[in-house]
């Protein structure tokens, strides 16, 4: 393929160079010339609908939208004439007159609205056209965000975001002309939509207050908030977050555009991790006369130290949540000589994935570029929304084939060329998928914990063999996808993995058990799901639970120590690509909560 | 202009919350300075002891036009003054009072006078002294010619000061990204 042809042009009197096929807007912004836009976003395909980015072509009476017009070699463009200013002002006035844009009570007022700031920039002190005042509805049925058609300018940024980034195409435009309206599925609501994943990317990309986050309502303005970049703690994809805070509370969470998620998030990172108020443990507690009683940190620490010292070493153990940071993992390894057993509690079959020595570097890019994606026992839709979105886009936009081998139903089944349970070993089945495997040039095989079951491993081996024998010259990309946030990091630090607590507890009866539940969403209650485990824990003399949230686990505890949550800790976490990603505290610790690492250091070093 | 060389100003309060007039009073000590340059001949916040609207150089109007009475007053002011300024979002763009325009007038009145939660037996006022509501509330420039706009809900005292001093100096205020606000 020959190198793209270089073209030379003049924009506002400045000599610029670009490559053939680039739009006027692309070349202008690369050369530091700002052209006002509304419907344009660099992450999305150009639309050319709002007419804010119009430019003049020297020697032609026509004006063109610069976002959707390829630059012509040798042409001269003008982006800031009096005529263009007036036309843009006129466009804005038409937008304002078309619907009910009443700034003073819009949640995007005072700086978070691109329509408003364009009106300011274009000196729009009144609207010369008669206002239409259409009677439009609002959809506030969604759990996390709402849609107010009164403030919509039909820029279709939400439609394109939903189609091109989340890949679900839940949103579209209905009707014609003046009756144009954003539509959810086939005219349903966000609350009732079958396809909406509530990822909130449409809201993040809305230039006005038409799509708005309910939880941000009247908490404060984004443009005056503090923004801290950190890493999402909800799954091992490790999406970059940009957390906006004001006066000690989070006002919104958006994706970081400079990290592997390209600014995209799923419902877990964008909303679930912070929008719902939850009861926290704020103080250390010691069980006195059968009741957990608040005590000082000094008292709690003295008590725990004593309890551990009083227990024979062979009867002491510690279980750690796979959500903790790499730094906490190091501390856990450092203090492991104080305990008989230390383990990280992972989900079923996850241990075998965590010992995978070489995490797939650039896994995300490989998925983007793949022409055949095979998922084996990885609960993607449910657990890793951003990765799922990327796969949907690869299938829908780039024509990749998708084979989903999974026992439970998946969000991706609808997009799959083949969807089957992991047990499918029949001849006919293999014949069916071998066609896809044979044609694959850049196959990617994503496997999760369920692929490590007895049958799963057999299927995995056969798939690898089938792909390797093709000898396409390119090696297949194997991507291990654990379910727990930092199980890779903990395994790499050398913490033993524990899939089932029962046998781990039963090897030798424990006298002292330290449970680092950290900020497990259920407070670690999941650890008690095994049969009879509660009874077994009751027999342990001293159970210390280190947790952010009260749960069934803390009810069993002799001592409860308050942990910080994802937004209050510092360190690093290792994602499924093996990258060590920064975790930064965006808020001060809640109450007397302390970081897990600090608590362990204080107690055992 | 009056005999003492001061510019005659009339102000008017239509469908607005009086916030714009309050913001005008927020000029504080600058009011003293302004008093040397202008004479307020008609205003809801000044007891001008006049019965009929006098002639003025500048008319400043807060609020939008909601009923026949206000429409008449505005048209009268327009005929009495040389320059007419729209003060605040309601006057410039309608703002909150035009929210009712999405609904039929009858629906609005029923909601307000009969269906409100605290009303037991309601009645829509119908008396010759009660001004008749227009079908739609309108910003000033949809009724009369407006010469200048001061946006804001309300425009703050500095914005009002800037607009007035520019006009007194014989210049039209320039609204840019720096000083234009709709909130």
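The values are calculated or read from the model by the stated rules, or taken from the named source; none is laboratory data. Computed from a prediction, not measured in an experiment: that's the story for all the values here. Reconstructed Cβ throughout: ideal geometry from the backbone, glycine too, with neighbour counts over all protein chains shown.
Observations, loosely collected:
- Residue check for residue A:84: away from every other protein chain (no Cβ under 11 Å), closer than 27 Å to residue A:191 by Cα and in contact with a strand residue (DSSP E or B) (Cβ under 9 Å, 6 or more places away or on another chain): no
- Output for segment A:173-203, where each listed residue is farther than 25 Å from residue A:108 by Cβ and touching a residue at least 60 places away in the same chain (Cβ under 8 Å): none
Conditions (1) crowded, with 17+ Cβ neighbours inside 10 Å; (2) assigned to a helix (DSSP H, G or I), marked per residue:
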position	(1), (2)
A:561	yes, no
A:577	yes, no
A:582	no, no
A:589	yes, no
A:592	no, no
A:603	yes, yes
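- Filtering segment A:135-156 to residues that are over 29 Å from the mean Cα position of the chain (by Cα) and more than 7 Å from chain B (Cβ to nearest Cβ) leaves A:136, A:137, A:150.
- Exactly one residue out of B:76, B:31, B:55, B:105 is surrounded by fewer than 18 Cβ atoms within 10 Å (Cβ to Cβ), without any contact (Cβ under 8 Å) to a residue 60 or more places away in the chain and within 14 Å of chain A (Cβ to nearest Cβ), and it is B:105.
- Unmet requirement for residue A:350, which otherwise passes all of (1) farther than 30 Å from residue A:312 by Cβ; (2) touching a helix residue (DSSP H, G or I) at 6+ places or on another chain (Cβ under 8 Å); (3) crowded, with 22+ Cβ neighbours inside 10 Å; (4) modelled with pLDDT of 90 or more: (4)
- Test: residue A:450 is in contact (Cβ under 8 Å) with a residue 60 or more places away in the chain and not assigned by TED's automatic domain parsing to the domain that holds residue A:594: yes
- Taken as a whole, the structure leaves residue B:95 outside the set of residues that are away from every other protein chain (no Cβ under 13 Å) and in contact (Cβ under 8 Å) with a residue 40 or more places away in the chain.
- Of the criteria (1) in contact with a strand residue (DSSP E or B) (Cβ under 8 Å, 6 or more places away or on another chain); (2) in the same structural domain as residue A:518 (by TED's automatic domain parsing), which one residue A:261 fails: (2)
- Of the residues making up segment A:117-127, those that are touching a helix residue (DSSP H, G or I) at 6+ places or on another chain (Cβ under 6 Å) and within 8 Å of chain B (Cβ to nearest Cβ) are A:119, A:124, A:126, A:127.
- Just one of the numbered conditions (1) part of a loop (DSSP other than H, G, I, E, B); (2) within 12 Å of chain A (Cβ to nearest Cβ) is not true of residue B:159: (1).
- Residues in segment A:90-110 that are surrounded by fewer than 21 Cβ atoms within 10 Å (Cβ to Cβ) and more than 9 Å from every other protein chain (Cβ to nearest Cβ): A:90, A:91, A:93, A:94, A:97, A:98, A:107.
- Positions within segment B:101-119 being in contact with a strand residue (DSSP E or B) (Cβ under 9 Å, 6 or more places away or on another chain) and outside any helix (DSSP H, G or I), in sequence order: B:104
- Qualifying residues in segment B:162-182 (those that are without any contact (Cβ under 8 Å) to a residue 60 or more places away in the chain and within 8 Å of chain A (Cβ to nearest Cβ)) - the one surrounded by the fewest Cβ atoms within 10 Å (Cβ to Cβ): B:176
- The residue of segment B:129-141 that is nearest to the other protein chains (Cβ to nearest Cβ), among those that are over 12 Å from residue A:133 (Cβ atoms) and outside any strand (DSSP E or B), is B:141.
- Cross-chain or 6+ apart pairs with Cβ under 8 Å, segment A:277-297 first and without any contact (Cβ under 8 Å) to a residue 24 or more places away in the chain, then part of a loop (DSSP other than H, G, I, E, B): A:294/A:283; A:294/A:284; A:295/A:283; A:295/A:284; A:296/A:284
- Hey, residue A:253 within 22 Å of residue A:382 (Cβ to Cβ), at pLDDT 95 or above, touching a helix residue (DSSP H, G or I) at 6+ places or on another chain (Cβ under 7 Å) and surrounded by fewer than 20 Cβ atoms within 10 Å (Cβ to Cβ) or not: no
- Total residues in segment A:10-31, condition touching a helix residue (DSSP H, G or I) at 6+ places or on another chain (Cβ under 7 Å) and either more than 23 Å from residue A:47 (Cα to Cα) or part of a loop (DSSP other than H, G, I, E, B) (or both): 1
- Residue check, residue B:144 within 14 Å of chain A (Cβ to nearest Cβ) and either more than 26 Å from residue B:59 (Cα to Cα) or in contact (Cβ under 8 Å) with a residue 40 or more places away in the chain (or both): yes
- Look at (1) within 12 Å of chain A (Cβ to nearest Cβ); (2) part of a loop (DSSP other than H, G, I, E, B); (3) more than 30 Å from residue B:181 (Cα to Cα) and you find that residue B:122 fails only one, number (1).
- Taking the listed residues A:490, A:513, the one that is surrounded by 19 or more Cβ atoms within 10 Å (Cβ to Cβ) and within 25 Å of residue A:233 (Cα to Cα) is A:490, with no other qualifying.
- Filter pass, residue B:183 being over 22 Å from the mean Cα position of the chain (by Cα) and part of a loop (DSSP other than H, G, I, E, B): no
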